[in-house]
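Please read the structure below before turning to the comments.
The values are calculated or read from the model by the stated rules, or taken from the named source; none is laboratory data. Since the model is a prediction, treat every value here as computed from it, not as a measurement. So basically every Cβ, Gly included, is an ideal-geometry build from the backbone, and we count neighbours across all protein chains shown.
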Amino acid sequence: MVFCLCHDSVAAFDFRENIKKVEINFTHAHIWDDSAVEAMEKIIKKFEEQGITVEVTGLNEASTLLVEKLRLKLNSH
């Protein structure tokens with residue numbers, strides 16, 4: 001996931017769909033930077049605001065480390 005795709009990624013989801021749980025699978029993707037982490041966090045937050053549980057799966061090791069590092073930074077603001 002790179003910067004130019006982040007806005008499109010958020011817009012691609014239907015946050016009002018009548019579901020209880022969603023899985024976001026990153027098996028064939030790589031999180032490259034803070035804009036990608038921010039987009040992922042926005043997607044998760046929007047689902048959770050609708051009472052939908054979110055499970056993120058398939059992050060590779062480098063993406064997981066970046067997400068963990070930047071998630072702390074993003075959530076501290």
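Go through (1) over 14 Å from the mean Cα position of the chain (by Cα); (2) of a type in the set (Gly, Ala, Ser); (3) surrounded by 11 or more Cβ atoms within 10 Å (Cβ to Cβ) one by one and return the number of the condition Gly51 breaks.
The number of the failed condition is (3).
Just give me the residues in the stretch 54-69 being within 12 Å of the chain's Cα centre (by Cα), part of a helix (DSSP H, G or I) and either among the aliphatic types (A, V, I, L, M) or loosely packed, with under 11 Cβ neighbours inside 10 Å (or both), in sequence order.
Val67, the sole residue that qualifies.
Within the stretch 1-51, which residues are at pLDDT 90 or above, of a type in the set (Val, Ile, Thr) and out of contact with any Leu (no Cβ under 6 Å at 6 or more places or on another chain)?
Ile19, Val22, Ile24, Thr27, Ile43, Ile44
Of all residues in the stretch 35-53, count the ones that are of a type in the set (S, T, N, Q), part of a loop (DSSP other than H, G, I, E, B) and over 13 Å from Asp14 (Cα atoms).
Looking only at that region, the number is 0.
For the stretch 18-34, enumerate the residues that are assigned to a loop (DSSP other than H, G, I, E, B) and either at positive phi or in contact with a Phe, Trp or Tyr (Cβ under 7 Å, 6 or more places away or on another chain) (or both).
Asp33
Name the single residue, out of those in the stretch 7-39 being aliphatic (A, V, I, L, M) and within 14 Å of Thr53 (Cα to Cα), that is farthest from the chain's Cα centre (by Cα).
Here the answer is Ile19.
Looking at the stretch 20-32, I want the residues that are touching a residue at least 60 places away in the same chain (Cβ under 8 Å) and have a partner that is of a type in the set (A, V, I, L, M, F, W, C) and assigned to a strand (DSSP E or B) with Cβ atoms under 6 Å, at least 6 apart or on another chain. Which pairs are those?
Pairs found: none.
Identify the residue in the stretch 18-33 that is farther than 17 Å from Asn60 by Cβ and of a type in the set (D, E, K, R) and, among all such residues, is surrounded by the fewest Cβ atoms within 10 Å (Cβ to Cβ).
For the stretch 18-33, the residue satisfying everything is Lys20.
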